[in-house]
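To start, the structure under review is shown below, and the notes come after it.
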Amino acid sequence: MVKVIKAGKSQEEVAANDTKVSEIVSGALQDIETRGDQAVRELSEKFDKWTPESFRLSEAEIKEIVAQVPDSVIEDIKFAQTNIKAFAEAQLASLHDVEVENIPGVVLGHKNIPVNSVGCYIPGGRYPMVASAHMSVLTAKVAGVKRVIACTPPIKGEIPKATIAAMYLAGADEIYLLGGIQAMGAMAIGTETIESVDMIVGPGNAFVAEAKRQLYGRVGIDLFAGPTETLVVADHTADAEMIAIDLLGQGEHGPTSPGALITTSEDLAHETIKEIARQLETLPTADVASVSWEDYGQILVVDSIEEARIEADRLAFEHVEILTENPDYFLEHMTNYGCLFLGPETNVAYGDKVIGTNHTLPTKGAARYTGGLWVGKFIKTVTYQKVTPEASAYIGEYAARLCLLENFEGHARQAQLRVDRYGKK
């Protein structure tokens, strides 16, 4: 039995907010479609107070910016990128082309081909997401994408130097100081000065996420990444201090970031509520984290670890920390999550910034049907077939009959032509 100790906002309230965002994004994208660069410039002025002569940074400007970043920061960025690149390369190595002769004379295969061009969004604002450059630009380059462009917004009229450095070190071919809806629209739709891409990726605020949703189909996307979500599954071996900071540490992302605790201990549930209140008194980002916890925080008490697993799969959160006696139980049995963090020694911040797994992960229940961003997202697995004349005549007889079964006369004639041309005389 599940006992709800704390509930977040209802689905109806969340949906009402989504509708408002959708209308704003739709109007902006239509404007970019119609007026191109001018619309992008006006939107940048409106949202970021930013209208440079060119949104694209030149090679000389990039190098000048990177030179101003402290060596210690560059080394930290390189450390993270080394880990992320190594894991991405290992993932790439797991992908193989296939070719089989399943019938004599019939050769079938698939090839893994990188997408030609990708646009990566690296969020700015209160939290300049330097790590998103590693996760998107670097991963795309490991996958073999030829043209990778990257956009990030200015922050209060200033250039986010560390983010630019991370983009550059990750291998971005073009870097633009451009944010929000206007960046997503410019990359996907294209303008007079920004060539459109085949795919857009990366996290962002509600407006960026909605722009990605509306542009999907016109271009490919990695996944629908909404506000960050964190679930902690804990039993009697966990402690409230760790649970509280791990929830609040992700809640600081934004006021709509859900955080949840599923536990087999009701005492731990109440201790966590007290500990969250205590930590909010000193957390510098409490103005945001307190709102996300108040509005979107949940605590569920369950009777068993099995019930905890069932409820965790139902929530299907992107980040799932397992603070239980046997974390591997969840690795073996849980199916709906973006990334698992097994045991108290690891945490979501490791995955977000440095350890090597990708931090762009499915939210809003999407973990039920997709994983997060990885090299495979940038690769198309396409098929081909080659057939000998004898095999064509053999296959054609079956194909013609099956086509007629579905009333496809033209299809049947395609097959029958091969039978007549390549069959025995």
Checklist entry - Do we find that Lys377 is touching a Ser or Thr at 6+ places or on another chain (Cβ under 9 Å) and either in a helix (DSSP H, G or I) or exposed (fewer than 15 other Cβ atoms within 10 Å of the Cβ) (or both) in this structure? => result yes
Checklist entry - On the given criteria, is Gly396 outside any loop (DSSP other than H, G, I, E, B) and either within 22 Å of Glu99 (Cα to Cα) or touching a residue at least 12 places away in the same chain (Cβ under 8 Å) (or both)? => result yes
Checklist entry - Residues of the range 42-71 being loosely packed, with under 15 Cβ neighbours inside 10 Å and hydrophobic (A, V, I, L, M, F, W, C), which ones? => result Ala60, Ala67
Checklist entry - Which ones in the range 99-142 are out of contact with any strand residue (DSSP E or B) (no Cβ under 7 Å at 6 or more places or on another chain) and either among the β-branched types (Val, Ile, Thr) or in a helix (DSSP H, G or I) (or both)? => result Ile103, Val130, Ala131, Ser132, His134, Met135, Leu138, Thr139, Val142
Item to check | Enumeration of residues in the range 50-82 that are aliphatic (A, V, I, L, M) and more than 16 Å from Ala150 (Cα to Cα) | outcome: Ala60, Ala67, Val69, Val73, Ile74, Ile77, Ala80
Item to check | Members of the range 301-320 found to be under 14 Å from Pro258 (Cβ atoms), open to solvent by less than 10 Å² (accessible area, probe 1.4 Å) and not in a loop (DSSP other than H, G, I, E, B), listed by number | outcome: Ala312, His319, Val320
Checklist entry - Residues in the range 181-191: is at least one of a type in the set (A, V, I, L, M), at pLDDT 95 or above, outside any helix (DSSP H, G or I) and under 28 Å from Thr381 (Cβ atoms)? => result no
Item to check | Search result, residues across the range 260-295 that are under 27 Å from the mean Cα position of the chain (by Cα), in a helix (DSSP H, G or I) and surrounded by 22 or more Cβ atoms within 10 Å (Cβ to Cβ) | outcome: Ala289, Ser292, Trp293
Checklist outcome for this item: Inside the range 29-41, the number of residues satisfying the requirement of being open to solvent by 80 Å² or more (accessible area, probe 1.4 Å) and either in contact (Cβ under 8 Å) with a residue 40 or more places away in the chain or under 14 Å from Gly179 (Cα atoms) (or both) is 1
Checklist entry - If you scan the range 146-174, which residues turn out to be within 20 Å of Asn83 (Cβ to Cβ) and in a loop (DSSP other than H, G, I, E, B)? => result Gly171, Ala172
Checklist outcome for this item: Selection over the range 191-229 where residues are free of Cβ contacts under 8 Å to residues at least 40 places away in the same chain and at positive phi yields a count of 1
Checklist outcome for this item: Taking the range 134-165 and keeping residues more than 18 Å from Phe55 (Cα to Cα) and crowded, with 20+ Cβ neighbours inside 10 Å leaves His134, Met135, Ser136, Val137, Leu138, Thr139, Ala140, Lys141, Val142, Ala143, Val145
Next on the checklist: For the range 321-359: of the residues being hydrophobic (A, V, I, L, M, F, W, C) and open to solvent by 60 Å² or more (accessible area, probe 1.4 Å), which is nearest to Val142 (Cα to Cα)?
Outcome noted: Ile355
Next on the checklist: Quick test of your reading of the structure: Lys364 fulfils all but one of (1) open to solvent by 10 Å² or more (accessible area, probe 1.4 Å); (2) at pLDDT 95 or above. Name the failing condition by number.
Outcome noted: (2)
Checklist entry - Among all residue pairs at least 6 apart or on different chains, which show Cβ distances below 6 Å where the first residue, located in the range 159-176, is over 16 Å from Ala67 (Cα atoms) and the second is part of a loop (DSSP other than H, G, I, E, B) and of a type in the set (Phe, Trp, Tyr)? => result Tyr176/Phe55
Item to check | Residue within the range 387-399 that is open to solvent by 50 Å² or more (accessible area, probe 1.4 Å), at positive phi and of a type in the set (S, T, N, Q) present | outcome: no
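The values are calculated or read from the model by the stated rules, or taken from the named source; none is laboratory data. Here the structure is a predicted model, which means the values were calculated and not measured. Heads up, the Cβs are rebuilt from the backbone with ideal geometry, glycines too, and the neighbour counts pull from every protein chain shown. Protein only, heavy atoms only, side chains kept; ligands, DNA and RNA dropped before computing areas. Shrake-Rupley method; radii C 1.70, N 1.55, O 1.52, S 1.80 Å.
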